[in-house]
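Below: the structure, in structure tokens.
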Amino acid sequence: MTHALVRVYAAVRDHLDAYSVADHLVPDLVSTPRWIPELEAEALPLQRVFLAEKWLAARLHYGHVDPREAGTGNIVNCGAAMYMAPVGLVNAANPAAAYAEALDVAGAHQSSYGREAAGVLAAAVAAACTPGASPESVIETCLSLAKDGTRSAIEAVAEVASRHGDFEPALRPLREAVAPFDTVGPDYRAPSLAARRPSRLHSVEELPVALGMLLIGDGDYRRTVLGSVNYGRDCDSIATMAGALAGALHGEGPVPADWVKTVAEASRLDLHAPARTLTEVAYEIFARDTRRRRAHEAAFAELADAR
């Protein structure tokens, strides 16, 4: 999904919205076969993604629902947040803009605290790109933007994470901190009846824990990702988010080269090409934003002088 979103940016070469998902992302999922490692074959990405992502095709490709409202009714989970890192990179060092854009994009996929998690993750990535950023400053940015249960969950988990410098003794305390906000319940494979339903009091589990692991690992890529995958439960999603944040803080350098080689070969993925593409697009969008901002400043100045 992350690679697919990068391809959408490559096509649009500007900020995205819910209509971009309908016009570009969904056609990519339903019409272009790609190598799927788990299937060991070429297949449509739609055949690999989970039901919460198949929802996109059902609502937008077949149902022709307004893209801005298509996420309503889907299970509320971290599905949209998992692939929102590119939104943060396109809005590097501008967390508020990343938050707003991600909320618009994610509206086609998620509602409630699932959509909120997407906005906050994008904002966190944008904040991590800011010169001089630290895990603590990323958390502060998230708390300044997050709403309702998502904000409360991040605050609770961050408080616990700040007391640990190693992930192993922190695993149980982190779970206990996020449990009151998590609707899935203690048995991840047997969710409670209230699981994944809209709420202003709850949060996805994955985003707060990813932020907690970033704090515990002090932004170190290896420690942050290893802590995330050893958390259990939806650990692949947690590691995806935490790895994106650690990568945004420090770049490619600290990412273990043997990890990159193994994943790229096993998945038959070029992990560098999407990064180069997104970098090019980010520069283009920034230049376009600058022109738009200056045009607005000039228009407002003229308006002010006329009064």
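The values are calculated or read from the model by the stated rules, or taken from the named source; none is laboratory data. The structure presented is a predicted model; accordingly, all values stated were derived computationally and were not measured. Counting neighbours? That spans all protein chains shown, and the Cβs are built from the backbone with ideal geometry, glycine included. To get the accessible areas, we keep the full protein, side chains included, count just its heavy atoms, and leave off ligands, DNA and RNA. Shrake-Rupley method; radii C 1.70, N 1.55, O 1.52, S 1.80 Å.
Brief remarks follow.
- If you go through region 147-158 and pick out every residue that is closer than 16 Å to Met241 by Cβ and open to solvent by less than 10 Å² (accessible area, probe 1.4 Å), you end up with 4.
- Checking each residue in region 9-27 for being surrounded by fewer than 20 Cβ atoms within 10 Å (Cβ to Cβ) and closer than 24 Å to Ala100 by Cβ picks out Ala10, Ala11, Val12, Arg13, Asp14, His15, Asp17, Tyr19, Asp23, His24.
- Cross-chain or 6+ apart pairs with Cβ under 8 Å, region 142-159 first and modelled with pLDDT of 95 or more and β-branched (Val, Ile, Thr), then surrounded by 18 or more Cβ atoms within 10 Å (Cβ to Cβ) and not in a helix (DSSP H, G or I): Thr150/Ser203; Thr150/Val204; Ile154/Ala146; Ile154/Ser203
- Residue selected from region 195-224 under the condition acidic (Asp, Glu) and outside any helix (DSSP H, G or I), by the criterion surrounded by the fewest Cβ atoms within 10 Å (Cβ to Cβ): Asp218
- Among residues of region 101-112, those that are open to solvent by 10 Å² or more (accessible area, probe 1.4 Å) and assigned to a helix (DSSP H, G or I), counted: 4
- Given (1) closer than 27 Å to Arg268 by Cα; (2) in contact with a Pro (Cβ under 6 Å, 6 or more places away or on another chain); (3) part of a helix (DSSP H, G or I), number of the condition Lys54 does not satisfy: (2)
Table: residues versus (1) more than 17 Å from His15 (Cα to Cα); (2) open to solvent by 20 Å² or more (accessible area, probe 1.4 Å).
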| site | (1), (2) |
| --- | --- |
| Gln47 | yes, yes |
| Phe50 | yes, yes |
| Ile75 | yes, yes |
| Gly79 | yes, no |
| Asn91 | no, no |
| Tyr99 | no, yes |
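- Among (1) assigned to a loop (DSSP other than H, G, I, E, B); (2) without any contact (Cβ under 8 Å) to a residue 24 or more places away in the chain; (3) open to solvent by less than 60 Å² (accessible area, probe 1.4 Å), the one test that Gly232 misses: (2)
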